[in-house]
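Enquirer: The following block contains the structure, expressed as structure tokens.
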Amino acid sequence: MSKFVPLLDRGVIKVSGPDAAEFLQGLVTNNLDKTNQGGAVLSALLTPQGKIQYEFFIVPVAEDGYLLEMARGGLKELFGKLSLYKLRADVEIEDLSESHMVFWLDDLKQQSELEEFAKERRAESIFRDPRADELGLRAIVSVEKVAAFSEGLIASHAEDYLMKRIKEGIPEGGLDYAFGDTFPHEAGYDLLDGVDFEKGCFVGQEVVSRMQHRSNVRKRIVSVTAEADLPEAGSEIRTENSMIGVLGSHVNGEGLALVRLDRAGKAVATGAPMLVEGVEVQLSVPEWAGYSLEPGEKA
């Protein structure tokens, strides 16, 4: 029987109307054509300087609508920004963060099963997490249908989702990297299929394209382990001589961090202790990553 966890820090914006696809396509990092088979995509709205300002899943609904499932902290701000971008586009933008809830399920159903499963569970949408199959399903459910959705499922705790996400090495904006200060490549978007480099213009596209074709990426997400409790997120990871990176979300001595690969690689190669507030940590690269902590490796 599937476990389910309410993700109370997540909310939903709906964008619908005849121009909805064209409207979003010109703004976000990913290609909405990838949702034509009913799946969701990871995407972001960037600053003009190419840094992640808002992160969300884009989920198709009905014939001309999309749900943006995202962190509640930036939802009202994004709602206002989309309303400004709207201009004369024939779209409707709705804040569903009070009328709908977001859930995580540990179920690993195939894509072909999800439409029937969503009807059975009376959910607005149930979709596979596009970042990693092992992360299971996410569901968007109207508040009045939560009881029908959850019937027969096993209620679980938010820590279960956090543990699973950390085990898979999957970062989330605002928890493992700072909004407004992180390039998509640094957050792994190039490897987690969060950017479409072929679709054409979107906000910040020129900067992201340069990083893809010309630059090494100096900062990347890594997994962190320790034999003691880790301090709060945002704490610096340091050696005696340099700052390696910043600790992100963690649980039970395992977590994620955004680090300078060159400095982390040097520390690993020389055996220099890496400490977070006095707690020694070990760093490793998630399985999905195409980079390493070997000195001199390209990221």
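Read-outs: derived from the displayed coordinates by stated rules, not from any lab. Just so it is clear, the model here is predicted, and its values are computed rather than measured. In this analysis, Cβ positions are derived from the backbone assuming ideal geometry, glycine residues included, and neighbour counts consider all displayed protein chains.
Enquirer: Here are some pairs, 14/145; 164/266; 3/119; 219/266; 109/145; which of them have Cα atoms lying more than 24 Å apart in this structure? All intermediate terms of the calculation are to be shown ahead of the outcome.
Expert: Numbers: 14/145 18 Å; 164/266 29 Å; 3/119 18 Å; 219/266 14 Å; 109/145 21 Å.
Over 24 Å Cα-Cα: 164/266.
Enquirer: Using each residue's phi in region 162-177, evaluate 6.51 cos²θ - 1.76 cosθ + 1.60 at θ = phi - 60° and report the 3J(HN,Hα) Karplus result to the nearest Hz, with x for Gly and Pro.
Expert: Karplus-based 3J(HN,Hα) across region 162-177 equals 4, 4, 5, 4, 5, 4, 7, x, 9, x, 10, x, x, 10, 10, 7 Hz.
Enquirer: Under 5 Å between amide hydrogens, which residues at least 5 positions from residue 230 or on another chain qualify, with H placed 1.01 Å from N in the peptide plane?
Expert: Result for residue 230 returns 253.
Enquirer: May I pose another question? Would you kindly derive the ³J(HN,Hα) couplings of region 183-190 from the backbone phi angles with the Karplus curve 6.51 cos²θ - 1.76 cosθ + 1.60 (θ = phi - 60°), listing them in order in whole Hz, with x for Gly and Pro?
Expert: 6, x, 4, 5, 8, x, 4, 5
Enquirer: So for the chain, averaging the separation of alpha carbon pairs under 8 Å that are six or more residues apart and normalising by length, what relative contact order in percent results? Walk me through the numbers on the way to the answer.
Expert: Values: 646 pairs, mean separation 55.6, N = 299.
Result for the chain is 19 percent.
Enquirer: Measure out, as a whole number of angstrom, how far apart the alpha-carbon centroids of region 211-261 and region 137-172 sit.
Expert: 26 Å
Enquirer: Starting from one equal scatterer on each C-alpha and no solvent at all, send me the Debye-based log10 I(q)/I(0) for region 3-167 at q = 0.17, 0.19 Å⁻¹, two decimals.
Expert: Log-scaled intensity ratios, in q order: -1.04, -1.30.
Enquirer: ³J(HN,Hα) across region 79-92 via Karplus (A = 6.51, B = -1.76, C = 1.60, θ = phi - 60°), whole Hz, x for Gly/Pro?
Expert: 4, x, 5, 4, 5, 5, 5, 4, 6, 9, 5, 7, 9, 10
Enquirer: To continue, here is another question. 7 Å from Cα along Cα→Cβ at both residue 215 and residue 280: what's the point-to-point distance in nm?
Expert: About 3.5 nm separates the two model spin labels.
Enquirer: Compute the signed sum of charges (Lys and Arg +1, Asp and Glu -1) over the other residues within less than 11 Å, Cβ to Cβ, of residue 273.
Expert: Working: positive: 238; negative: 240, 280.
It works out to a net charge of -1.
Enquirer: From the residues 242, 8, 180, which one has its Cα farthest along the dipole of the chain in the positive direction, the dipole being from +1 and -1 charges on Cβ of Lys/Arg and Asp/Glu about the Cα centre?
Expert: Result: 242, furthest along the dipole toward the positive end.
Enquirer: Using the Cα centre of the chain as the reference point, and only Cβ charges (+1 on K/R, -1 on D/E), how large is the resulting charge dipole? Debye, rounded to the nearest 20. Before the final figure, lay out the partial values.
Expert: On the way: 32 positive and 50 negative charges, 143 e Å.
The calculated dipole for the chain is roughly 680 debye.
Enquirer: Could I ask something else about it? Pick from 60, 231, 171 the residue whose mean-square fluctuation is largest in a GNM of the chain, springs joining Cα atoms under 10 Å.
Expert: For the chain, modelled as a Gaussian network with Cα springs under 10 Å, the answer is 231.
Enquirer: Here's a follow-up. Among 65, 278, 255, which one shows the highest mean-square fluctuation when the chain is modelled as a Gaussian network with alpha-carbon springs under 10 Å?
Expert: Highest fluctuation of the listed residues: 278.
Enquirer: While we're looking at this one, here's another question. Per the helix-only calculation at 222 nm, which mean residue ellipticity applies to the chain, given -39500 (n - 2.57) for every DSSP H run of n ≥ 4 and division by its residues, nearest 500 deg cm²/dmol?
Expert: Working: 7 runs with 64 residues, N = 299.
Rounded to the nearest 500, the figure is -6000 deg cm²/dmol.
Enquirer: With a Cα-only, solvent-free Debye model of region 216-284, what are the log10 I(q)/I(0) values at q = 0.26 Å⁻¹?
Expert: Here the Debye-derived log intensity ratios amount to -1.19.
Enquirer: For the chain, set up a GNM with springs between Cα atoms under 10 Å and report which of 158, 147, 226 has the largest fluctuation.
Expert: Fluctuation is largest for 147.
Enquirer: Which percent, to the nearest 5, of DSSP beta bridges fully inside region 97-213 are antiparallel?
Expert: Numbers: 10 of 11 bridges.
Looking only at bridges with both residues in region 97-213, the antiparallel portion is about 90 percent.
Enquirer: What full-extension length gain, to one decimal in nm, is calculated for residue 233 and residue 133 as 0.36 nm per residue of separation minus the Cα-Cα distance? Kindly include the intermediate steps, with their values, before the conclusion.
Expert: Details: separation 100, 0.36 × 100 = 36.00 nm, distance 2.61 nm.
This chain segment gains 33.4 nm when fully extended.
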